[in-house]
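The values are calculated or read from the model by the stated rules, or taken from the named source; none is laboratory data. All figures in this text were calculated on a predicted structure; none of them were measured in a lab. Quick reminder, even Gly has a Cβ in these numbers, built from the backbone with ideal geometry, and neighbours come from all protein chains shown. Accessible surface areas use protein heavy atoms only, side chains included; no ligands, DNA or RNA. Shrake-Rupley method; radii C 1.70, N 1.55, O 1.52, S 1.80 Å.
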Amino acid sequence: MAPLHAMNPLRTEWVSRHVAPMRKTSPAPLCLLDIGCGAGLASEAYAKLGFDTLGIDASAPGIRAAEAHLAEHPLPPEAAPLSYRNGSAEDLVAEGARFDVVNALEVIEHVNDPQDFLNMLATLTKPGGMVAVSTLNRTPRSYAVAKLGAEYLLRMLPVGTHDWKKFIKPDELAAMARNAGLRMLNIAGMSYVPFQWRESRDTGINYIAIFRKD
């Protein structure tokens, strides 16, 4: 989890900054869905940033870890509500749930059908709401760094964590988002500059994008 721990502040604060115009016009905290929340790294950060947050993950052990961490390290009093749920985003779609912000960080590169996934994100978003997606670009550099380097050389991730063929180029993501009724507002690279992750114009490996549902 160390790589995600290090990347987390950049991703969550970037999303919060781009959602700020919505927050200024909302009388209540924005409702945010964190899909594939795992152990709750981003979910806790979003609650601290003032989002009424629901973290959902299909992994029961992941949700148990998130709930245990929250119990051992309660959020500060000024944080917004945070809850977790073991289940799928499809369950929420079936229930007719809708959110102001839908967040999917480092998830889309693991799904079988990214277009269907983006369609689902759009369905879960209220009209005028926003969708945040971070993922990996499919480039020779990402293969060398995120696949060979991180998994085989440095052993930062378990071997087999990523399938490079499922990495998504920014123009592919933008096109699939348009098909789902989502309009890209901004995109940024995430670059590791020792000893922290920084926002950059280099989308060759990691990048994050924000979309609006018009």
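Could you tally the net charge around residue 110, taking each other residue with its Cβ under 11 Å from the Cβ of residue 110, Lys/Arg +1 and Asp/Glu -1?
Numbers: positive: 166; negative: 106, 109, 163.
Net of charged neighbours comes to -2.
For region 1-151, what relative contact order do you get, as a whole percent, if you take Cα pairs closer than 8 Å and at least 6 residues apart?
21 percent
Within the set of other residues whose C-beta is less than 11 Å from the C-beta of residue 48, count the net charge using Lys and Arg as +1 and Asp and Glu as -1.
My count for the surroundings of residue 48 gives -3.
Leaving ligands, DNA and RNA out of it, work out the accessible area of residue 31 with a 1.4 Å probe and give it in Å² to the nearest 10.
My reading of the accessible area for residue 31 is about 40 Å².
Please compute the length gained on full extension between residue 144 and residue 193, using 0.36 nm multiplied by the number of residues separating them and subtracting their Cα-Cα distance.
15.9 nm
Which log10 I(q)/I(0) values, to two decimals, does region 84-133 give at q = 0.15, 0.27 Å⁻¹ under the Debye formula with one point per Cα?
Cα-only, vacuum Debye calculation for region 84-133: -0.37, -1.20.
How much length is gained on full extension from residue 69 to residue 171, taking 0.36 nm per residue of separation minus their Cα-Cα distance? List each step's numbers first, then the result.
Numbers: separation 102, 0.36 × 102 = 36.72 nm, distance 3.73 nm.
My answer for the length gained is 33.0 nm.
For the chain, what is the Kirkwood estimate of the hydrodynamic radius, computed as the reciprocal of the mean inverse distance between distinct Cα atoms, to one decimal in Å?
This gives a value of 17.4 Å.
For the chain, return all DSSP H helices satisfying: extent of Cα atoms along own axis at least 27 Å; mean Kyte-Doolittle hydropathy at least -1.0.
2-25
Find how much the distance from residue 17 to residue 86 grows on full extension, using 0.36 nm per residue of separation minus their present alpha carbon separation; answer in nm with one decimal.
Here the segment from residue 17 to residue 86 would lengthen by 22.0 nm.
As I understand it, the dipole of the chain uses +1 on the Cβ of Lys and Arg and -1 on the Cβ of Asp and Glu, about the Cα centre. Which of 8, 191, 62 lies farthest toward its positive end?
191
Find the lysine pairs in the chain meeting two conditions, Cα atoms under 16 Å apart and a separation of 8 or more places or different chains, and report how many there are.
Taking the chain as the scope, the lysine pair count is 4.
By DSSP, what percent of the beta bridges with both residues in the chain are antiparallel, rounded to the nearest 5?
Counting only bridges with both partners in the chain, antiparallel ones make up about 50 percent.
Spin-label point model (7 Å from Cα, Cβ direction): what's the residue 186 to residue 59 distance in nm?
Placing both labels 7 Å beyond Cα along the Cβ direction yields 3.0 nm.
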